[in-house]
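Chemist: Take a look at this one; I'll ask things after.
The values are calculated or read from the model by the stated rules, or taken from the named source; none is laboratory data. Since the model is a prediction, treat every value here as computed from it, not as a measurement. For neighbour counting, all protein chains shown are included, and Cβ atoms are generated from backbone atoms with ideal geometry for every residue, glycine included.
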Amino acid sequence: MEMHRHIYDDLLAWKESADRKPLILLGARQVGKTYILKKFGEKEYRNMVYINCHHNPFAESLFERDFDIQRIISSISIYYKTTITPGETLLVFDEIQEVPNGVTSLKYFCEDARDIHVAVAGSLLGITLRHNESYPVGKVNTLRMYPMTFSEFMLASGEEPLLQAIERGDWPLLEGFIPHLTDLLRQYYFVGGMPEVVVCYLTTKDVYKTRAIQQEIIDSYMNDMSKHTATEAQRIHAVWRSVPSQLAKENKKFVYKNIAPGARAREYGMAIQWLVDAGLIYKVERTASPARPLKFYADSSAFKIYMNDCGLLAAMSETEPREMLLGDNLFREFKGAFTENYVLQQLVPQRDLSVYYFSKEKSTQEIDFLVQTPRRIIPVEVKAEENVKSKSLSFFINADHKQLLLLGVRCSMKSYTDQGWMENIPLFAVESFFSRQAHT
């Protein structure tokens, strides 16, 4: 089953770039890095040399002696019985972090063989935190890959014409497809965006096989966590397991006591950061003001955390498949936890967007997300159903920060409406709306 990933366009731009450097494709495990590089190499080059570095003695031997790039290229050509031609061959190193000096070698590919197209894939932590090895700063291009977004899930589901209507904002036409779009959204909440999970669900429609693959991915993540010292692994596991309960609260600010009685920031700060660096959770910090740049007003001690994938959140929370795919309360369950996680999952892959949240001191007022685009700050309220009220958002925009002339967004199950001070964006159109904001 072929899947379109938006990052493919970025790979094409990299190939055609005049100042192209070796490419590092970063991302959490299981997000589809290997698949997209192989597809790119097969479609866009005359030939591709794919080297999986995991438990590969030949790959390990390449960088043992020195960084003589001509020797390395000749060795690869002989071993794989192929010719590596500048501009016509894509050289792919997968799981590059498994090979000592593999990441460092990219500096020499950049300096001594810039005309050779080299792309490597690996886990976020494995590449950026390689022990006793320097990261080739300034000598590589980097791209980040995430789980599939809702639009990518729609494409995999054969819904391209409907997606095109969403992207051009054809609201009158879409009105007739609301039940179908709601069903697609329900499926995405359950399946999520891990490619292997998506393929299983779309080809078999077997919800239990789908959930089993999700559990395998969670188990593989847990195995990665266990590679640390016993104490640190225990803390990482504890934070990871607490994510569903953190999101189930009305106020989703991260609370350490939800991990364990008496838990403190100084004990669990490193564990949280490990999960962020591994791409397994997203951390959204509080900001004290909606003024640009939001980072100036960020409070790193107050934050919310979300799963990298709504499907894994469903599996972690042990939500029954029938409740998600057939029940009437999906979009209300867990106080909107799935919906808020879903919205953030569509925002994170958008370049040129920064995401925070706002809460007022000594007040219950909170804005779910503040999104900084190249042109403006957008206060975002997430509602999990059609019955919506926007008192907090209205007061925030029209009273507390009236002088900033902010225009808000409410993401909900309601149809598109423009109230002047606020637009209601249907949940199925969140990604396309913010994509336009990021690029205009």
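Chemist: Any idea which of ASP19, ASP9 is closer than 26 Å to LEU163 by Cα and free of Cβ contacts under 8 Å to residues at least 40 places away in the same chain? Don't jump to the end; show me each part of the working.
Modeler: On the way: ASP19 fails: closer than 26 Å to LEU163 by Cα.
Matching residue, one of ASP19, ASP9: ASP9.
Chemist: If you don't mind, there's one more thing I want to ask. What residue, of PHE58, PHE63, PHE67, is more than 25 Å from MET1 (Cα to Cα), free of Cβ contacts under 8 Å to residues at least 24 places away in the same chain and touching a helix residue (DSSP H, G or I) at 6+ places or on another chain (Cβ under 7 Å)?
Modeler: Values: PHE63 fails: free of Cβ contacts under 8 Å to residues at least 24 places away in the same chain; PHE67 fails: free of Cβ contacts under 8 Å to residues at least 24 places away in the same chain.
Checking each option against the conditions leaves just PHE58.
Chemist: State whether the residues of region 183-194 include one that is crowded, with 18+ Cβ neighbours inside 10 Å and more than 19 Å from ALA384 (Cα to Cα).
Modeler: yes
Chemist: PRO244 is checked against (1) assigned to a helix (DSSP H, G or I); (2) more than 25 Å from PHE338 (Cβ to Cβ); (3) touching a helix residue (DSSP H, G or I) at 6+ places or on another chain (Cβ under 8 Å) and fails just one. What number does that condition carry?
Modeler: Condition not satisfied by PRO244: (2).
Chemist: Additional query: Could you run through region 247-273 and say how many residues are basic (Lys, Arg) and part of a helix (DSSP H, G or I)?
Modeler: Quick first cut of region 247-273, residues basic (Lys, Arg) only: 249, 252-253, 257, 264, 266.
Now drop any that are not part of a helix (DSSP H, G or I), which leaves 257, 266.
Number of matching residues: 2.
Chemist: Being surrounded by fewer than 17 Cβ atoms within 10 Å (Cβ to Cβ), in contact with an Asp or Glu (Cβ under 9 Å, 6 or more places away or on another chain) and either on the phi > 0 side of the Ramachandran plot or in a loop (DSSP other than H, G, I, E, B) (or both) is the filter here; which residues of region 403-417 pass it?
Modeler: Taking region 403-417 as the starting set, the residues that turn out to be surrounded by fewer than 17 Cβ atoms within 10 Å (Cβ to Cβ) are 403-405, 407, 415-417.
So of that shortlist, the ones also in contact with an Asp or Glu (Cβ under 9 Å, 6 or more places away or on another chain) come out as 407, 415-417.
Selection gives LEU407, SER415, TYR416.
Chemist: In region 54-83, which residue that is in a loop (DSSP other than H, G, I, E, B) and more than 33 Å from the chain's Cα centre (by Cα) is surrounded by the most Cβ atoms within 10 Å (Cβ to Cβ)? Walk me through how you get there before you give the answer.
Modeler: Of region 54-83, the ones in a loop (DSSP other than H, G, I, E, B) are 54-56, 63-68, 81-83.
So of that shortlist, the ones also more than 33 Å from the chain's Cα centre (by Cα) come out as 64-68, 81-83.
Details: GLU64: 9, ARG65: 10, ASP66: 11, PHE67: 17, ASP68: 13, LYS81: 6, THR82: 13, THR83: 11.
Result: PHE67.
Chemist: So, one more: Here's a check for you: in region 296-326, which residue that is in a loop (DSSP other than H, G, I, E, B) and exposed (fewer than 15 other Cβ atoms within 10 Å of the Cβ) is farthest from the chain's Cα centre (by Cα)? Break it down stepwise before answering.
Modeler: We begin by selecting, within region 296-326, every residue in a loop (DSSP other than H, G, I, E, B); these are 308-309, 317-320, 326.
Restricting the remaining residues to those that are exposed (fewer than 15 other Cβ atoms within 10 Å of the Cβ) gives 318, 320, 326.
Working: GLU318: 22, GLU320: 24, LEU326: 27 Å.
In this case the residue turns out to be LEU326.
Chemist: Quick check, is LEU181 under 19 Å from SER412 (Cβ atoms) and either aliphatic (A, V, I, L, M) or not assigned by TED's automatic domain parsing to the domain that holds SER412 (or both)?
Modeler: yes
Chemist: Something else about it: Which of (1) aliphatic (A, V, I, L, M); (2) surrounded by 15 or more Cβ atoms within 10 Å (Cβ to Cβ); (3) more than 22 Å from ARG351 (Cβ to Cβ) is the odd one out, the single condition LEU26 does not satisfy?
Modeler: Among (1) aliphatic (A, V, I, L, M); (2) surrounded by 15 or more Cβ atoms within 10 Å (Cβ to Cβ); (3) more than 22 Å from ARG351 (Cβ to Cβ), LEU26 violates only (3).
Chemist: Look through ALA291, ALA302, ALA212, ALA230 and report the one residue that is assigned by TED's automatic domain parsing to the domain that holds TYR357, under 29 Å from GLN350 (Cβ atoms), out of contact with any Asp or Glu (no Cβ under 8 Å at 6 or more places or on another chain) and of a type in the set (Gly, Ala, Ser). Lay out the reasoning, then the answer.
Modeler: Details: ALA302 fails: out of contact with any Asp or Glu (no Cβ under 8 Å at 6 or more places or on another chain); ALA212 fails: under 29 Å from GLN350 (Cβ atoms); ALA230 fails: under 29 Å from GLN350 (Cβ atoms).
Sole residue among the options that is assigned by TED's automatic domain parsing to the domain that holds TYR357, under 29 Å from GLN350 (Cβ atoms), out of contact with any Asp or Glu (no Cβ under 8 Å at 6 or more places or on another chain) and of a type in the set (Gly, Ala, Ser): ALA291.
Chemist: Those residues that are small (Gly, Ala, Ser) and either surrounded by 14 or more Cβ atoms within 10 Å (Cβ to Cβ) or at pLDDT 95 or above (or both), I need them from region 244-290; list them, please.
Modeler: SER245, ALA248, ALA260, ALA263, GLY269, ALA271, ALA278, GLY279, ALA288, SER289
Chemist: State whether one or more residues within region 387-402 are surrounded by 15 or more Cβ atoms within 10 Å (Cβ to Cβ) and either in contact with a helix residue (DSSP H, G or I) (Cβ under 6 Å, 6 or more places away or on another chain) or within 14 Å of ALA438 (Cβ to Cβ) (or both).
Modeler: Checked region 387-402: no residue is surrounded by 15 or more Cβ atoms within 10 Å (Cβ to Cβ) and either in contact with a helix residue (DSSP H, G or I) (Cβ under 6 Å, 6 or more places away or on another chain) or within 14 Å of ALA438 (Cβ to Cβ) (or both).
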